[in-house]
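*Asks:* Once you've had a glance at the structure underneath, I'll fire off some questions.
Quick note: the coordinates plus some simple rules give every number you see, no bench work behind them. Owing to the predicted nature of the structure, the values given are computational and were not obtained by experimental measurement. Every residue, glycine as well, gets a Cβ built from its backbone with ideal geometry; the counts of neighbours run over all protein chains shown.
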Amino acid sequence: MTTIDSPASLRSAGLEGERHRVIGDARVLAGLDQGRLDLQRHLLTHGPQPELTRDDYVQLCEAVGLRGRGGAAFPVALKLQDLPARGVEAVVVNGSESEPVSRKDRLLLTRSPHLVLDGAVGLAHALRAPHVLIAVHDPAAATSLREALMERDDQLAIEVRDTPGRFVAGEARAVLSVLEGGTAVPPGRRVLPTRRGYHRRPTFLSNVETFAQLAVLARLGSRGFSSTGLTSEPGTQLLTIDGAVQRPGVIETPTGVPLDTVLQYAGAEPGPVLLGGYHGRWLPQTDGVLLQRPEVSAGIILALGSGTCPLGEVTRVAEWLRSQSAGQCGPCVFGLASLVDDFARLTIGDSQGWYDAQRHLGLIPGRGACAHPDGAARFLTSALEVFDDDVRRHLSGQGCGRPVLGVLPVPGGTR
Amino acid sequence: MRVADGEQGRLMTLWYLARAAGVVTMVMFTLSAVLGMVMPGVRRPERRFWLQYVHRSAAVTGLVLLATHVVAVIADSYVDISPTVLVWPFGSGYRPFAMVIGVLALYSLVLASLVGAARGRLAVSQSFTKHWRKLHIAASVGWLLSIGHALLAGTDRSTPWMLGITLACLGAVATAGAYRLNNATPKTTRAWRTQ
Amino acid sequence: MNKVEIDWTRCDGHGLCAGLLPDDVVLDEWGFPVLRGREITAGELPDARRAVLACPALALRLSSR
């Protein structure tokens, strides 16, 4: 097995190469055909942000069942209702986008920063929060935001801060820790940011896309917002598609669009599909799968194609997941290291590797400060299930006869 | 004459008790400190558990003897030390500087013991767990003051056996400290540092 | 309603908890505790308190809810 640099890993973060497409109505990606929306073009495209009260926001979010777009898909209305009536300290926009494949938040921040700012500032005014903090990792996104802020006067303390680009550093509480001047690791106790967030004060934190959707929702109202998508969770969603596809990039679609439609649209090779990124699941089949939360998580779709060795690909990602642990919690540090070893042994036909992997996969979920071990276990467990035939072929000692092409992008490669 | 002799004897008993309690207090807290410093190098659970047990027992015994020492010294009429010395150690009639050192040592040892005892109860508080070790060690540094107190105030300070005990205590803690610094076992998992 | 909880960022796998609470905590192959997730009964409470007190890393805590 050899690892070949694929187009997928060479494409990497190039801003100019950031492609986007739309199936159905363009909402959060509206007006981007001619490039970045400055304030003037933003206002021409979207119109001004209406001033709404906190109750308006709660009602709107409840009516359209808006869910957070960072992966956990928590209902936004519940998050708002959990905040105390007074003393909300900050609205935090999590733009760290630490999923290596995801491009949607970067796209929004570099091309339509005012829409995200409208959503965050509008909500901050409604909540009477004195601070808006935007955590970003991408330098182009930070520049775009700073340029956008010079064009506006929101009468709020708005700050753009850089966060380190490690997977676990994008976790909500790790982001809060960085914003407070600490290290980018999740703290040991699970407390809700709505209760104890920025400087232990009530904080509304969500993903970049959530704020863009909020800005759209405030303008369209619940009825206008619900004119497309599922009845249970209307509106649109941003997806990032990559891997063995002809047209990778970000796609805006109505919620509930069939996965096959998106795969066809992007020109995906037939083969297994990973939904929800490297904390997500491999799908046993794509027929009849509708793209909705919580399954789509942060909207990442990866097509594996049929020319590469699935187990080899998964092992590369496992090694990357291991390297992305914050290194704080024993079960994550030792468990992920053991799993990398188990998968490597399994790939070369050692059946003991399979048994060890099964045991270790049962051992790590729920035993960490954040959900990294849980997500990694979910990804690897589904791989063993979906690639069952392939696993058998490897265990028979002959291997699958395919090279590891590196279709699944892994930042920085693996050691 | 005989009555007076008995009176004198009882007074002296109190004085001897005060001195003896003082010396053993120092030894007990030394033992506790040494075990506390050696402990992080011990990974075997059973051994660690017993070390904890002896560490705590020594400290509790030390506290009881410390109380005895203080009460006896105050109750004794041989030297003039009033109860107010516990609050305001300055201006004691008997070796004022040594008294100041002694009272400060008492404060810090009591504080170290309280912080240690509060461990289980306050484990629910995140900031307590974060600062516990620093607090406990900082308070324990007061142990040095008790050695100073022994060297300055002790009636037997210049006798060879007392000097021997005091120096042995110092030596034990110094050795344990050196052991701790050289055998610092880092946490098996280390958080990624960004700043 | 008592449960033992672990602060995983503090836990260093010393394993004293498993010795003191064998019915609630077992150790995995790396020496880190696996919680059974059971509630601590009134009878076990003194043992649980002892385990919390014994944890060298102060990673164990009793939560009442």
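*Asks:* Between A:GLN285 and C:LEU45, what is the label-to-label distance in nm when each label sits 7 Å out along the Cα-to-Cβ direction?
*Replies:* The two pseudo-label positions are separated by 5.6 nm.
*Asks:* With an 8 Å cut-off on Cα pairs and a minimum separation of 6 or more residues, tell me the relative contact order of segment B:2-182 in percent.
*Replies:* Values: 179 pairs, mean separation 47.0, N = 181.
Rounded, it is 26 percent for segment B:2-182.
*Asks:* Taking neighbour Cβ counts within 10 Å as the exposure measure, how do B:TRP88, A:TRP354, A:TRP282 sort from fewest upward?
*Replies:* In order of increasing Cβ crowding within 10 Å: B:TRP88, A:TRP354, A:TRP282.
*Asks:* Also, I was wondering about something else. Rounding to the nearest 10 and keeping the result within 0 to 90°, find how far the Cα-based axis of helix B:160-182 lies from the longest principal axis of chain B.
*Replies:* With both axes taken from Cα atoms, the answer is about 10 degrees.
*Asks:* Still on this structure, please answer the following. Before rounding to the nearest 500, sum -39500 (n - 2.57) across all DSSP H runs of length at least 4 in chain B and divide by the residue total; then give [θ] at 222 nm in deg cm²/dmol.
*Replies:* Mean residue ellipticity at 222 nm (helix-derived): -25000 deg cm²/dmol.
*Asks:* A further question on this structure: With n ≥ 4 as the cut-off for DSSP H runs, can you work out [θ] at 222 nm for chain A, using -39500 (n - 2.57) per run divided by the number of residues, rounded to the nearest 500?
*Replies:* -12500 deg cm²/dmol
*Asks:* From Cα coordinates alone, what are the radius of gyration and Dmax values for segment A:215-283 in angstrom?
*Replies:* Just the Cα atoms of segment A:215-283 yield Rg and Dmax of 14.0, 40 Å.
*Asks:* ³J(HN,Hα) across segment B:113-126 via Karplus (A = 6.51, B = -1.76, C = 1.60, θ = phi - 60°), whole Hz, x for Gly/Pro?
*Replies:* Computed from phi, the couplings for segment B:113-126 are 5, 5, 4, x, 5, 7, 2, x, 5, 9, 4, 6, 7, 5 Hz.
*Asks:* Calculate one ³J(HN,Hα) per residue across segment A:220-227 by plugging θ = phi - 60° into the Karplus curve 6.51 cos²θ - 1.76 cosθ + 1.60, and present them in order as whole Hz with x for glycine and proline.
*Replies:* With the stated coefficients, segment A:220-227 comes to 7, x, 5, 6, x, 5, 8, 6 Hz.
*Asks:* Give the long-range amide H neighbours of C:LEU35: residues separated by 5 or more places, or on another chain, with amide H under 5 Å away, using H modelled in the peptide plane at 1.01 Å from N.
*Replies:* Sorted by chain and number, the residues that satisfy this come to none at all.
*Asks:* A follow-up question, please. Can you give me the angle between helix A:54-64 and the longest principal axis of chain A, using Cα atoms only, in degrees from 0 to 90, rounded to the nearest 10?
*Replies:* Computed tilt is about 40 degrees.
*Asks:* Quick one: 3J(HN,Hα) in Hz for segment A:291-303, Karplus 6.51/-1.76/1.60 with θ = phi - 60°, rounded, Gly and Pro as x.
*Replies:* 7, 8, 7, x, 4, 6, 6, 8, x, 9, 10, 10, 9
*Asks:* May I pose another question? Roughly what would the spin-label model give for B:GLU46 and A:SER306, points 7 Å off Cα along C-beta, in nm?
*Replies:* For B:GLU46 paired with A:SER306, the spin-label model returns 6.1 nm.
*Asks:* If packing is taken as the average count of other Cβ atoms within 10 Å, what order do B:33-44, A:368-379 fall into, highest mean first?
*Replies:* Numbers: B:33-44: 18.4, A:368-379: 23.1.
Ranked by mean Cβ neighbours within 10 Å, highest first: A:368-379, B:33-44.
*Asks:* Enumerate by residue number the trypsin sites (Lys or Arg not before Pro) in segment A:29-90 meeting two conditions: DSSP loop (anything except H, G, I, E, B), and at most 14 other Cβ atoms within 10 Å of the site's Cβ.
*Replies:* A:ARG86
*Asks:* Would you please give the residues with an amide H less than 5 Å from that of A:HIS137, counting only those at least 5 places away or on a separate chain, with H modeled from the backbone geometry?
*Replies:* For A:HIS137, the qualifying residues are A:THR163.
*Asks:* Connecting C-alpha atoms closer than 10 Å in a GNM of chain C, tell me which of C:ALA42, C:ALA51, C:ALA18 has the biggest fluctuation.
*Replies:* Looking only at C:ALA42, C:ALA51, C:ALA18, the largest GNM fluctuation is found for C:ALA42.
*Asks:* Lysine pairs in the protein assembly as shown with Cα distance under 23 Å, only those 8 or more apart or on different chains: how many are there?
*Replies:* Lysine pairs satisfying the spacing and distance rule in the protein assembly as shown number 4.
*Asks:* Report relative contact order for segment A:236-303 in percent, whole number only (criteria: Cα-Cα under 8 Å, sequence separation at least 6). Numbers along the way, then the final one.
*Replies:* Working: 134 pairs, mean separation 26.9, N = 68.
Reported as a whole number, the value is 40 percent.
*Asks:* Additional query: What is the distance in Å between the Cα centres of segment A:29-79 and chain C?
*Replies:* Here the answer is 45 Å between Cα centres.
*Asks:* Restricted to Cα positions, what overall size does segment A:282-415 have along the principal axes? Three whole-Å values, descending.
*Replies:* 39, 37, 28
*Asks:* Write down the radius of gyration of the protein assembly as shown and its Dmax, each obtained from C-alpha positions, in Å.
*Replies:* Looking at the protein assembly as shown, its Cα Rg and Dmax stand at 32.3, 116 Å.
*Asks:* Order these peptides, A:192-201, B:176-185, A:299-308, by their mean beta-carbon neighbour count within 10 angstrom, highest first.
*Replies:* Working: A:192-201: 17.8, B:176-185: 12.3, A:299-308: 23.0.
For the peptides A:192-201, B:176-185, A:299-308, the packing ranking is A:299-308, A:192-201, B:176-185.
*Asks:* Shifting gears a bit: Mind pulling the angle between the C-alpha long axis of helix C:45-54 and the longest principal axis of chain C? Nearest 10 degrees, somewhere in 0 to 90.
*Replies:* Compared with the principal axis, the helix lies near 30 degrees.
*Asks:* Another question about this same structure. Rounded to the nearest 20 Debye, what is the dipole magnitude of the protein assembly as shown about its Cα centre when Lys and Arg each give +1 and Asp and Glu each give -1 at the C-beta? Intermediate results must be reported in sequence, preceding the final value.
*Replies:* On the way: 69 positive and 60 negative charges, 385 e Å.
My answer is approximately 1860 debye.
*Asks:* Could you work out the mean count of beta carbons from other protein chains within 10 Å of each residue's beta carbon in A:186-193?
*Replies:* Rounded to a whole number, the mean comes out at 3.
*Asks:* Treat every Asp and Glu Cβ in segment B:2-182 as -1 and every Lys and Arg Cβ as +1, leave all other atoms uncharged, and give the resulting dipole magnitude about the Cα centre to the nearest 20 debye.
*Replies:* In total the dipole reaches around 1000 debye.
*Asks:* For segment A:347-414, what is the charge dipole size about the Cα centre, in debye to the nearest 20, if Lys and Arg each add +1 at the Cβ and Asp and Glu each add -1 at the Cβ?
*Replies:* Values: 6 positive and 7 negative charges, 18 e Å.
Roughly 80 debye for segment A:347-414.
*Asks:* Relative contact order of chain A, please, whole-number percent, based on alpha carbon pairs below 8 angstrom and at least 6 residues apart. Present the calculation step by step, with values, prior to reporting the outcome.
*Replies:* Working: 858 pairs, mean separation 80.3, N = 415.
Relative contact order, chain A: 19 percent.
*Asks:* Identify the residues of segment A:385-405 with backbone N under 18 Å of a label point that sits 7 angstrom from the Cα of A:ASP350 along the Cα-to-Cβ direction, or state none.
*Replies:* A:391-400
*Asks:* Okay, next question. Fewest Cβ neighbours within 10 Å first, please rank A:GLU385, A:GLU99 accordingly.
*Replies:* If I rank by nearby Cβ atoms, fewest first, I get A:GLU385, A:GLU99.
*Asks:* For peptide A:324-336, what's the mean number of Cβ atoms from other chains within 10 Å of each residue's Cβ?
*Replies:* 6
*Asks:* Another question, then. Using a 10 Å cut-off around each Cβ of peptide B:129-138, what is the average number of partner chain Cβ atoms that fall inside?
*Replies:* Taking all residues of B:129-138 together, the mean is 2.
*Asks:* How many angstrom lie between the C-alpha centres of segment B:116-162 and segment A:360-415?
*Replies:* 52
*Asks:* Right, something else. Roughly how many nanometres apart are two label points built 7 Å out from the Cα toward the Cβ at A:ASP374 and A:THR261?
*Replies:* Label at A:ASP374, label at A:THR261, 3.1 nm between them.
*Asks:* Arrange B:MET26, B:MET12, C:MET1 by Cβ neighbour counts within 10 Å, fewest through most, would you?
*Replies:* C:MET1, B:MET12, B:MET26
*Asks:* I would also like to ask the following. State the answer as a single residue: which of A:PRO75, A:LEU259, A:THR286 lies farthest towards the positive end of the charge dipole of the protein assembly as shown, with beta carbon charges of +1 for Lys and Arg and -1 for Asp and Glu, about the Cα centre.
*Replies:* A:PRO75
*Asks:* Express the C-alpha Rg of segment A:97-189 as a ratio against the empirical globular expectation 2.2 N^0.38 Å, rounded to two decimals.
*Replies:* Ratio of Rg to 2.2 N^0.38 Å for segment A:97-189: 1.09.
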